[in-house]
Amino acid sequence: MNYDQIFEAAIDRLHAEGRYRVFIDILRNKGAYPNARCFHGHNGPKPITVWCSNDYLAMGQHPQVIEAMEEALHNVGAGSGGTRNIGGNTHYHVQLEGELADLHGKDSALLFTSGYVSNDATLSTLARILPGCIIFSDELNHASMIAGIRNSGCEKRVFRHNDVEHLEELLAAEDPNVPKLIAFESVYSMDGDVAPIHAICDLADKYNALTYLDEVHAVGMYGARGGGISERDQAAHRLTIIEGTLGKAFGVMGGYIAADQRIIDVIRSYAPGFIFTTSLSPVLVAGALASVRHLKQSSEERDGQQAAAARLKTMFAEAGLPVMMSTTHIVPLMVGDPVKAKRISDMLLAEYGVYVQPINFPTVPRGTERLRFTPGPSHDEAMMRDLTTALVEIWDRLELRKAA
């Protein structure tokens, strides 16, 4: 058995398909985001503009967040000291869970080390606790939700994306007495479209199903206090569990769920992904706490981000670029080929100082490869004009308009 040969062949397949991922070596400039320095190449650091960060509101650069983290580091040190059960529970954790529960109008919340872990741990645990549970999952759900459903060992039914008629067909076909859970997202991060939350909740009420909403790409971004699409649409009270992240709009790290006290207690007590992992550093929790509190009372960042996204979509469309006109802050530019998407990304970085990563399978279906731009409140109009000009030049050089 030649193990090295097997591993090498696996990597070679990715290269052949144009799906091999390269991590760019960069450092953001504190206080100057989206400006950063790139160490990719042999000529030393090069100034670049970041266009693909999920730090949507630049809260990772916010003075209040940085100050809170520095204060926590000075006061309590770097690490948490263990799992929440053994030495890793701090007052910071308790305070943040209270703020997150309040954000979503729920009794309680529970912190995890990432949004991936919160989805995986919660979905797998819930379905194991509910005897004979069937999970109904949107076909475009995130990999972490798919992993949680798979790890639960329960039966699943996949409904067509945002198709409530298909979802009802699947629900109606099952035994009314079997536990059911509908799992879906609010904002789908690769297309930028939004789930019909109320319509799905109507079906949940009709068929006695629980609901699980992933708000990862919406918390901090929508609603008067940043509670997500469910707050904006006044639907949070209808949802059984709301899941979110602290690593995108809130600018730090971590994941969480918010629900009633009983459900939170079950997940806290039964989920291995919570029980057996070191808790978030109190330094990170302090930063997230400051970010959540700030965005509850400030709409300036949200308004700036929405304006930037709308402006960039308009520029792309007027320039004849294949922008996918989403209704949210996500600005995808369709390429449709993994090799070309990677080449465009490389040219943007090397020649124009523009950093945007290609999005390939399995993140999106084959044939729908794209560049995904996430303009924030700090991306000004001049940056957008330079970006649009660069993309038009590359599209013409690669004759992509002709191919389309």
Within segment 74-92, which residues are surrounded by 13 or more Cβ atoms within 10 Å (Cβ to Cβ) and under 27 Å from the mean Cα position of the chain (by Cα)?
Gly79, Ser80, Gly82, Thr83, Arg84, Gly88, Asn89, Thr90, Tyr92
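Criterion first (touching a residue at least 40 places away in the same chain (Cβ under 8 Å), of a type outside the set (A, V, I, L, M) and in a helix (DSSP H, G or I)) does Thr363 satisfy it? Let's see the steps before the verdict.
Numbers: touching a residue at least 40 places away in the same chain (Cβ under 8 Å): yes; of a type outside the set (A, V, I, L, M): yes; in a helix (DSSP H, G or I): no.
Here the answer is no, as Thr363 does not meet what is asked.
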Can you tell me which residues in segment 237-263 are open to solvent by 20 Å² or more (accessible area, probe 1.4 Å) and touching a helix residue (DSSP H, G or I) at 6+ places or on another chain (Cβ under 6 Å)?
Arg238, Val252, Met253
Residues being in a loop (DSSP other than H, G, I, E, B) and open to solvent by less than 10 Å² (accessible area, probe 1.4 Å): count how many of those fall in segment 380-393.
0
Would a scan of segment 10-27 turn up a residue that is outside any loop (DSSP other than H, G, I, E, B), open to solvent by less than 30 Å² (accessible area, probe 1.4 Å) and touching a residue at least 24 places away in the same chain (Cβ under 8 Å)?
no
Near pairs, Cβ below 6 angstrom, 6+ apart or cross-chain, from segment 108-120 (on the phi < 0 side of the Ramachandran plot) to any residue that is part of a helix (DSSP H, G or I) and among the basic types (Lys, Arg)
Leu110/Arg268
Selection from segment 93-124 of residues that are surrounded by 21 or more Cβ atoms within 10 Å (Cβ to Cβ), farther than 20 Å from Ala290 by Cβ and of a type in the set (Gly, Ala, Ser):
Ser118, Ala121, Ser124
For segment 125-143, enumerate the residues that are in a helix (DSSP H, G or I) and crowded, with 22+ Cβ neighbours inside 10 Å.
Thr125, Leu126, Ala127
Selection count where residues are in a loop (DSSP other than H, G, I, E, B) and closer than 18 Å to Asn75 by Cβ, scope segment 274-298
3
Determine if segment 123-145 includes at least one residue that is over 30 Å from Tyr355 (Cβ atoms), in contact with a Phe, Trp or Tyr (Cβ under 7 Å, 6 or more places away or on another chain) and aliphatic (A, V, I, L, M).
yes
Answer yes if at least one residue in segment 297-317 is among the hydroxyl-bearing types (Ser, Thr, Tyr), within 22 Å of Thr90 (Cα to Cα) and touching a residue at least 12 places away in the same chain (Cβ under 8 Å), and no otherwise.
no
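The values are calculated or read from the model by the stated rules, or taken from the named source; none is laboratory data. What you see is a predicted model, and the numbers here were worked out from it, not measured in a lab. Quick reminder, even Gly has a Cβ in these numbers, built from the backbone with ideal geometry, and neighbours come from all protein chains shown. These accessible areas exclude ligands, DNA and RNA; they are computed on the full protein's heavy atoms, side chains included. Shrake-Rupley method; radii C 1.70, N 1.55, O 1.52, S 1.80 Å.
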